[in-house]
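Every number here is computed from the coordinates shown, using simple stated rules; none is lab data. All figures in this text were calculated on a predicted structure; none of them were measured in a lab. Cβ atoms come from the backbone with ideal geometry, glycine included; neighbour counts cover every protein chain shown.
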């Protein structure tokens, strides 16, 4: 049953549910932040239109920094700006940022605890035709072990906007992950958002789906299908992967006894890794994973790729059934 | 700035000699760390801290201070010794270098020790940070200068040239890069490991003003910094030609001393040489 308190999009299960790429929310938030906070500066590496920072650049040219195709330097400049009191938002495709500047993120930004906000756009396999090189499926895993870094994978454009504005208001480095394609708008302006607080979108006690990013939508559809079969599934939007909302995760383990993680990322080291670490340390229960099965992607249409690599409603439903079976056989 | 009096020069040279002695003591106590670069660059650090930079050790976070971004973090011994002499923290703390619970990390950490403007260690990162700090100064219309200190082997890193290209494009005249051109790196001489020459031409072609400097001559270093501040249309790099291991005969010009500390006997010999300026004078404590 959908959690009414969260004011989710009432048209969520309609065929014509509004669809907007998550990254659009980033661009909108930056323009708003530019108006209210003179310390906000934006850096781009020759990808300003596709990462949606071009509007900020037009509105605030003096605070818009074109770095060219040089991500290591861009991350270092962001650190220097932050050490001088600025709030830099630095972004590119996730395969490049953080993909090409992990060490700069680790030392120049995170070790220095520099107030840099890092945006990885076009993450996940749904980037599509560009192929494996451009499909960031390891970004969360690659940055999750770095101390001081907050990691957020918003589920839709509205949540992305809220996350971007919230990130500007906390001190310290943040990594956001966005996707390219249009995806359903799940939340509304009235849906609560707090960094580090997972939200229970759908209530249920037979199993829990813990998801992040646009696949939260597929998780809700899966829960709806399962509800029609009499299986009641809790769906948790775990937008903040670090710091993890351990309270909500442990409660899910205790109250449902079966967990499925859903992410558009390798099943190693990302959301599943974070949840498994928390669950095994606190309240071990059977877990199943929906995500990229330790493989590189390939060219194709987004929906074809999600189908081929098993990140679909059908696979989520199957994983829930498997995990419930394991729970019952314990 | 008026040129220095003989007395001022002698005082700076004396401080540099004391800094070198502290470097030997620190490395001996730590039993690890880099010898040649820190000894060779003592004159540069002393010039910056005692004659060039607009700073106040009592206000390490003063927003209008000049910044020093040490890009080559392995120069930590000379960096810390110069800071201690300038009054940022007690000199007695110097021998805690690299030890557990010390503020003097093996490579500098901005969050650990007041007065450290950035964290460094992995080479090539500091110059980008310095560019960011200089850029922030431009955006905020501040008058501070940003000094970056780099090794020459560090120029091998691709990130350096990304940053140099950016600084040239943006005409960051408030950025002064100082390269310790001592011609050595861990595996050997720079021109054998990965040739850097013509280094001057490289920087010039990226839109920088270049000044060649005797990096073991405090007058030349200070003079070059003043000239760099007067260059309005572009960033400046000082290619400081130094003698690695300067002041300790058995270390001078030897790449083998890049990344190792002296043993107790070598340290004793080194301190004797520094106190007596290579046997030319009687040491004060002999």
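Overall form of segment A:65-196: oblate. Here a/c, set by the Cα gyration tensor axes a ≥ b ≥ c, is 1.5 or more, and a/b is not larger than b/c. The alpha-carbon atoms of segment A:1-121, seen along their principal axes, cover 47, 30, 26 angstrom, with the largest extent given first. Cα extents for segment B:103-254 along the principal axes, largest to smallest and rounded to whole angstrom: 48, 39, 32.
On average, how many beta carbons from a partner chain sit within 10 Å of the beta carbon of a residue in A:114-121? Spell out each step's value before the answer.
Details: counts 6, 0, 1, 0, 0, 0, 0, 0.
Average per residue, whole number: 1.
Averaging Cα coordinates gives a centre for segment B:4-61 and one for segment A:55-75; these two points are 37 Å apart.
In terms of other Cβ atoms within 10 Å, A:328, B:229 run from fewest to most in the order A:328, B:229. Net length available on complete extension from residue A:328 to residue A:36 is 99.8 nm, with 0.36 nm assigned per residue and the Cα-Cα distance removed.
Mind ordering A:12-22, A:31-41, A:263-273 by average Cβ neighbours within 10 Å, highest first? Walk me through the numbers before you get to the answer.
Numbers: A:12-22: 15.0, A:31-41: 17.2, A:263-273: 24.7.
The most tightly packed comes first, giving A:263-273, A:31-41, A:12-22.
Shielding by partners for peptide B:115-126, expressed as the average number of C-beta atoms from other protein chains within 10 Å of each residue's C-beta, is 5. Full extension of the chain between residue B:165 and residue B:138 gives 8.0 nm of extra length, using 0.36 nm per residue less the Cα-Cα distance. Inter-label distance, residue B:112 to residue A:318: 5.1 nm, where each label sits 7 Å from its Cα along the C-beta direction.
Of the residues A:316, B:116, A:195, the one with the fewest other Cβ atoms within 10 Å heads the list, and the complete ranking is A:195, B:116, A:316. When you count the other C-beta atoms within 10 angstrom of each residue and take the mean per peptide, B:192-198, A:157-163, A:168-174 line up highest first as A:157-163, A:168-174, B:192-198.
For segment B:56-109, what is the Kirkwood estimate of the hydrodynamic radius, computed as the reciprocal of the mean inverse distance between distinct Cα atoms, to one decimal in Å? Working shown, then result.
Values: mean 1/r = 0.0842 Å⁻¹.
This gives a value of 11.9 Å.
Given a Förster distance of 60 Å, report the FRET efficiency between residue A:254 and residue B:212 from their Cβ-Cβ distance, rounded to the nearest 0.05. Don't jump to the answer; show the numbers that get you there.
Working: r = 70 Å, r/R0 = 1.17.
In this case the efficiency is close to 0.30.
What's the exposure ranking of A:50, B:120, going from fewest to most Cβ atoms within 10 Å? Show your work: numbers first, answer last.
Details: A:50 15, B:120 32.
Neighbour counts put them in this order, fewest first: A:50, B:120.
When the inverse distances between all different Cα atoms of segment B:6-275 are averaged and flipped, the Kirkwood radius reads 18.3 angstrom. With 0.36 nm allotted per residue and the present C-alpha distance subtracted, the residue A:170-residue A:295 stretch has 41.5 nm of extension available.
Relative to the longest principal axis of the Cα atoms of chain A, helix A:71-83 runs at roughly 80 degrees.
Across peptide B:104-110, what mean number of C-beta atoms from other chains lies inside 10 Å of a residue's C-beta? Mean partner shielding for this stretch: 2.
Before rounding to the nearest 500, sum -39500 (n - 2.57) across all DSSP H runs of length at least 4 in chain B and divide by the residue total; then give [θ] at 222 nm in deg cm²/dmol.
Values: 10 runs with 110 residues, N = 286.
Dividing the helical sum by the residues of chain B leaves -11500 deg cm²/dmol.
For chain A, the Cα-based Rg and Dmax, in that order, read 18.9, 63 Å.
I want to check the label-to-label distance for residue A:16 and residue A:1. Put each point 7 Å from Cα in the C-beta direction and report it in nm to one decimal. It is 3.0 nm.
Apply 1/(1 + (r/R0)^6) to the Cβ-Cβ distance of residue B:100 and residue B:263, taking R0 = 30 Å, and write down the FRET efficiency to the nearest 0.05. After rounding, the FRET efficiency stands at 0.85.
Among rounded, prolate and oblate, which fits segment A:47-100 when a ≥ b ≥ c are the square roots of the eigenvalues of its C-alpha gyration tensor, a/c under 1.5 means rounded, and a/b larger than b/c means prolate? Oblate, because a/c is 1.5 or more while a/b does not exceed b/c. Between residue A:59 and residue B:187, the distance separating the two model label sites (each 7 Å from Cα on the Cα→Cβ line) works out to 5.0 nm. Computed over the alpha-carbon pairs of the protein assembly as shown, the distance histogram in 10 Å steps reads 3, 16, 23, 20, 15, 12, 7, 3, 1, 0 percent, short to long.
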